[in-house]
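Engineer: Got a structure here, written out as structure tokens. Questions coming.
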Amino acid sequence: MTPWIKRGPAAGGGAPCTHALVIGCSKYQFLTEDGSPAPDGRETFGLSQVKTPATSAFRFARWLDSSYRNPSAPLGTVRLLLSPSDFERDNVPELEQPPPEALPATRANVQKAVDEWFQECKTNADNVAILYASGHGVELSPDDGGIVLLEDFAEHLAVLDGSLDVGAVRKGMSGATMAQRQFYFVDACRVRPEAAVRFQSLGSGVSLPNPLSGRPRVSAIYFAATPSTTALGAPGDGTLFVQALLECLDTSLGVDDHALEDGTWVVTTLTLVSALPKRVKELAAQFGAEQSATTGGQLEDVPFHVLPDRPQIPVTLQIAPDTATACAVAELVELPARLQVFAGATFAPTISRELPAGKYLLSVKIHPPTPPFTDVVDVVLALPPRCTSVVKVAP
Amino acid sequence: VTPPPPGRLKVHIETAGPYVPQPVNVINGDSLQLVTAGTCGEEIEVPAGTYVVSATLPSGERSVGIAEVTAGKLSELSLEVEQAAAPTAMGGGGIEGLGPADAPAAATSVSPGTFFLRFHVQTYDGFQPADPEVAVTSPSGDRAELTVSASGNGILFAQAARPGEVPLNVALPIYGPTISQACLLTVEGTGTVLDANVSLPDNPRLDAVARFLQGGHLQEAASVGGDAEHLLEAKMADPFGAALGGYALLRAGQLDRLHHWPRNLADRFSWLPDGAVIAGEEAALEGDHALAILYVCEAAGRGLPVFGGGLSLLASRLREYSVAPKSAFGEHGELVTEAGRLLKGILAVMPFVDFDRVSLAYRGATIDDPAGSQTPFVAGTEGWRDVTEL
């Protein structure tokens, strides 16, 4: 199949690069709209059409295209398989007519894409492999990554023949020249547990042969099982998982608390392990829902994404005691250049700004002089994920 | 020109809880680059300069301070900690926590008929009813705190229930003959579903590792729990601490720090599946699948691991090995069939497990058959005791 994106070293050959496989399935050929049994009585676990997986996959793919930065393995290819639902075609402009390279997420197409992705990933051990899959899913364990159902799920009596077995794909991604940095994002709408108990007798999903040889340095699984099939957020937002993931990648939420030696700031295997589940939970709570995300696999800490600039840090400045706010005026300069960020600011009762990560000098002047409050100068270090600084203006 | 001698930095964190060797990052105050990582209480040698010291606490809170280090001198920094509500170590309630610190201010007594409990012990022979020592320390309207002390041999499981809901089963990381003899079990029903959380006030190191794992802070968990071999060598062994430290090292890819001590854990504590899980996973990651399948099958034969992460690793390896060619396992090739048989038992539990928690927890009315017992609890069932009668 033709990759949706092919560029950089992947187009020229030789140097290590990142190969991504992105799958989103919202439309199921053999499911009804409301989850009622299929007319011919085939096993469908009571599942219905869904509204967000294709949107989520496309959002992630677009992020890879526009924002992903990994200088040690620039983006090379993105294979994209999308089966948007009628809802998404009607409500998400980009999915009304998906890109021609984005084939439907059927078993045959996904098997071919997995095979090609595997072949490209194993061309260089310094490659990075990324798999993102979203759809209905059978939740197994965080170390298996689960099974994601494809568009032709339930076509045959062995219903899970129409699925992607993420765990079995992951186990097959080994060997001396295989990409040693692998990241799996599984964003599944949860199938009832009874299906998981019986999944072995229900068919075999798309997988890879397992040579039982070697292990990648990093093989991280970030897994979310959405209890609901309804969209949370505006059409086009995708699942909570992808909303949280992109926030962690684009803002200070998922960034390490220090810069690398070359001065860059990175999102790493482990910063995502701590930030992503937390953000998923927070977003779910905003919608009055409950959702958790788990992580598994081998999680050696390596950079996943290098930010193009310093991260923007939400900074909150306050003074103590807060009775001084009425007579306190603040000036902030960035060090070492002493570039003024603001002057003459008042606390009401705090000063909140988004500032690039860095070292700042805060000067608080008491005007008019109001004992026992005194002028104070203090260093403010704006580090990810956020900074709160309390300046004492009285003994 | 002789370079100036380095300075030394010693970081302290004053926390309400017992002392654990809290890891800290020392970051250059100008470049904001990581200079070194260390632990509280130790003297960290760094060039003279300004540093940002950052620590992630077991509660998930971050504490940041600024230290000025002078050449040839010792500088000390005390990090301030906001006393936020601490999450429960073994899970439940999420990262923000619904632990004891969140207890309602105006407590009323638990009404009879609110919460019910019973206990089972898991041995090689399966689950048997158990009657551990239980002290109800803090009953209130929607929650009850109980101190559970281990008695007898095997792994203790608590079953918590309230009428109309499928009971919740929680493994308790306590075992009489070891240092881990008691835990705090908090049963609460403030959310939409019944919850039962475990914490270990008498085992602060294990509690800290669990809290770090719960919050996804793997480096910190590996740092605090990484000297697990010492926990095994201690006079009163702490196999649960060793196991949790082992899981953290496995996850973080720090196999060189395991140096095969999980085999000792597996061999010395034959009642604990987790030791064999870790030994099997270590062998598998090293490519020794013949040894790995031996430990993996041994682990599954012992029963359910105490920690959810252990069940996840175990299930994943069983699934992999049950469909692999026998020739891949040398003299242990016959265990492939056994792996398939053991996997079926694990799969009957796994879909009901809450992998968001550290301690193994799953819902099911019958502790050894959750798949066949997703039925609501009805008071009066055999063996259940009302919390108010404990």
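Engineer: Across the residues of B:210-222, average count of Cβ atoms on other protein chains within 10 Å?
Structural biologist: Numbers: counts 0, 0, 1, 0, 1, 4, 13, 3, 8, 5, 2, 0, 0.
For this peptide, the per-residue mean of nearby foreign Cβ atoms is 3.
Engineer: Here is a further query. Testing the spin-label approximation: label points 7 Å from Cα along Cα→Cβ at B:Lys10 and B:His230. State their distance in nm.
Structural biologist: 1.8
Engineer: Hey, another quick one. Residue farthest toward the positive end of the dipole of region A:73-142, with Cβ of Lys/Arg at +1 and Asp/Glu at -1: which of A:Ala133, A:Ala108, A:Pro74?
Structural biologist: A:Ala108
Engineer: Here's something else I'd like to know. Compute a Gaussian network model of chain A, connecting alpha carbons closer than 10 Å, and tell me which residue from A:Gly146, A:Gly358, A:Gly167 fluctuates the most.
Structural biologist: Top of the fluctuation ranking is A:Gly358.
Engineer: GNM, chain A, Cα, under 10 Å: largest mean-square fluctuation among A:Val197, A:Val114, A:Val380?
Structural biologist: Largest GNM mean-square fluctuation: A:Val197.
Engineer: Can you run the Rg to Rh ratio on region A:102-259? Use alpha carbon positions and the Kirkwood inverse-distance Rh.
Structural biologist: 0.98
Engineer: Quick one: dipole size for region A:1-58, taken about the Cα centre, charges +1 on Lys/Arg Cβ and -1 on Asp/Glu Cβ, in debye to the nearest 20.
Structural biologist: Rounded to the nearest 20 debye, it is 400 debye.
Engineer: Add -39500 (n - 2.57) for each DSSP H run of 4 or more in chain A, then divide by its residues: what number comes out at 222 nm, to the nearest 500 deg cm²/dmol?
Structural biologist: One gets -6000 deg cm²/dmol as the mean residue ellipticity at 222 nm.
Engineer: What's the percent breakdown of Cα-Cα distances in region B:232-337 across 5 Å bins, shortest bin first?
Structural biologist: Pair shares across the bins are 2, 14, 26, 25, 18, 10, 3, 1, 0.
Engineer: Sticking with this one: If you put +1 on each Lys and Arg Cβ and -1 on each Asp and Glu Cβ, how big is the dipole of region B:162-318 around its Cα centre, in Debye rounded to 20?
Structural biologist: Around 180 debye, computed over region B:162-318.
Engineer: Name the aspartates and glutamates eligible as straight-distance cross-link partners of B:Lys73: C-alpha to C-alpha under 17 Å, and not fewer than 8 places from it in the same chain.
Structural biologist: Of all the aspartates and glutamates, those that pass the test against B:Lys73 - Cα under 17 Å, at least 8 places apart if same chain - are B:Glu42, B:Glu43, B:Glu45.
Engineer: If you don't mind, another one. How do A:Thr55, A:Thr316 rank when sorted from fewest to most other Cβ atoms within 10 Å of their own Cβ?
Structural biologist: A:Thr316, A:Thr55
Engineer: Moving to a separate point now. Placing one identical point scatterer on every Cα of the protein assembly as shown and ignoring solvent, what is log10 I(q)/I(0) from the Debye formula at q = 0.08, 0.09, 0.11 Å⁻¹?
Structural biologist: Listed by q, the Debye log ratios stand at -0.70, -0.89, -1.31.
Engineer: While we're looking at this one, here's another question. Along the charge dipole of the protein assembly as shown, Cβ charges K/R +1 and D/E -1, which of B:Leu231, A:Leu276, B:Thr15 sits furthest on the positive end?
Structural biologist: Most positive-ward Cα: A:Leu276.
Engineer: To continue, here is another question. Work out the length of the dipole vector of the protein assembly as shown about its Cα centre, built from +1 on the beta-carbon of each Lys and Arg and -1 on the beta-carbon of each Asp and Glu, and round it to the nearest 20 debye.
Structural biologist: Dipole size: approximately 800 debye.
Engineer: Quick one: Cα centre-to-centre distance for region B:178-198 and region A:326-393, in angstrom?
Structural biologist: 44
Engineer: Further, regarding this structure: Taking each residue in A:211-219, count the Cβ atoms of any other chain within 10 Å of its Cβ, then average. What number comes out?
Structural biologist: That works out to 3 on average.
Engineer: While we're looking at this one, here's another question. Work out the count of Lys pairs in chain A where the Cα-Cα distance is under 20 Å, with the pair 8 or more places apart or on different chains.
Structural biologist: Total qualifying Lys-Lys pairs in chain A comes to 9.
Engineer: Two decimals, Cα atoms only, Kirkwood Rh: what is Rg/Rh over chain A?
Structural biologist: Dividing the radius of gyration by the Kirkwood radius yields 1.08.
Engineer: Also, quick follow-up: With a 10 Å Cβ neighbour count serving as the proxy for reagent exposure, in which order, fewest first, do A:Glu300, B:Glu43, A:Glu331 appear?
Structural biologist: Least crowded to most crowded, the residues run B:Glu43, A:Glu331, A:Glu300.
All of the numbers you see were taken from the coordinates with simple rules; none came from a lab. All figures in this text were calculated on a predicted structure; none of them were measured in a lab. We place every Cβ from the backbone using ideal geometry, glycine too, and count neighbours over all the protein chains shown.
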